[in-house]
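Quick notes on the structure that follows.
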Amino acid sequence: MTDFILKTLDLFKGFFRFLGVDYEKFIIFLYVGCILLPIVLFQQKFSDQHEASWIYYAFPFASPGNIQKGSLKAMVVKYGFSFFIPIALFVFLVWEPRVLDDIILAFLNMIIASLAIGFMVRKDFPFSKKASSAAQSQKGVTGVLLFTFPALLGGIHYGLTLLPYAIPTAIVLAVGIAYFGMKLYGQTTWKMIS
């Protein structure tokens with residue numbers, strides 16, 4: 001079995017070399033997974049059973065930000081990992097351990113992109129809007145940002161691969177942005193909720 005897996009990986013490596021895929025091109029694969037999580041996060045406010053969202057207002061939550069932060073973390077664990085880990089594993093196996101820091105940066109950028117979308121939709125609780133209004137709300141700036149912001153982060157990531165020591169530095173910066181962004185996201189007040 002191990003021999004089969006190694007031969008399959010060699011086949012993939014040879015195929016990518018034949019196509020002329022450079023070292024940095026694997027970033028495209030990583031950011032496909034990064035685009036999916038912000039879309040899921042944007043859609044989480046819609047439900048067919050939106051009437052049950054009264055529970056958010058019935059219980060005495062001191063801060064609705066805790067609910068939203070928990071929801072974002074749940075989306076990252078449930079959907080982010082399931083989208084990103086298979087892609088990252090494929091990239092790691094084909095391009096070998098030299099891409100590990102790029103995988104870490106792409107994952108952090110996925111969290112940052114999700115936070116950015118989260119800040120735009122934080123006036124709504126999860127599963128609190130009618131599902132039929134989902135298509136209407138994707139029009140405009142938010143619908144465009146669902147794709148362009150992760151793609152912009154991917155473009156910056158690609159540019160950083162051309163600079164020495166830029167990826168490790170960007171990882172430290174991305175950890176800081178994700179950490180403080182998550183703290184700020186958790187400070188959503190009742191006045192910010194519609």
Item to complete: Six or more apart or on different chains, Cβ under 8 Å: which pairs go from a residue in the stretch 168-185 that's in contact (Cβ under 8 Å) with a residue 12 or more places away in the chain to one that's outside any helix (DSSP H, G or I)? Could you list them?
Response: 185/122
Worksheet item: So residue 69 clears everything in (1) in a helix (DSSP H, G or I); (2) at pLDDT below 80; (3) basic (Lys, Arg) except one condition, right? Which one?
Response: (2)
Practice prompt. Tell me which residues, restricted to the stretch 178-194, are surrounded by 11 or more Cβ atoms within 10 Å (Cβ to Cβ), at pLDDT below 75 and not aliphatic (A, V, I, L, M).
Written response: 190
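Test of understanding: among 52, 88, which residue is modelled with pLDDT under 75 and either over 18 Å from residue 182 (Cα atoms) or of a type in the set (Lys, Arg) (or both)? Give the steps one after another, and end with the answer.
Numbers: 88 fails: modelled with pLDDT under 75.
Exactly one residue qualifies, and that residue is 52.
Of 12, 42, 18, which residue is surrounded by fewer than 11 Cβ atoms within 10 Å (Cβ to Cβ), part of a helix (DSSP H, G or I) and modelled with pLDDT under 75? Full working, then the answer.
Numbers: 12 fails: surrounded by fewer than 11 Cβ atoms within 10 Å (Cβ to Cβ); 42 fails: surrounded by fewer than 11 Cβ atoms within 10 Å (Cβ to Cβ).
On inspection, the qualifying residue turns out to be 18.
If I ask for residues that are of a type in the set (Ser, Thr, Tyr) and surrounded by 21 or more Cβ atoms within 10 Å (Cβ to Cβ), which ones from the stretch 69-118 would you list? Steps first, answer last, please.
Applying the first criterion (of a type in the set (Ser, Thr, Tyr)) to the stretch 69-118 yields 71, 79, 82, 114.
The answer is 114, and nothing else.
The values are calculated or read from the model by the stated rules, or taken from the named source; none is laboratory data. Please read these numbers as outputs of a predicted model, since none were measured by experiment. All Cβ positions, even for glycine, are placed from backbone atoms using ideal geometry, and neighbour counts span all protein chains on display.
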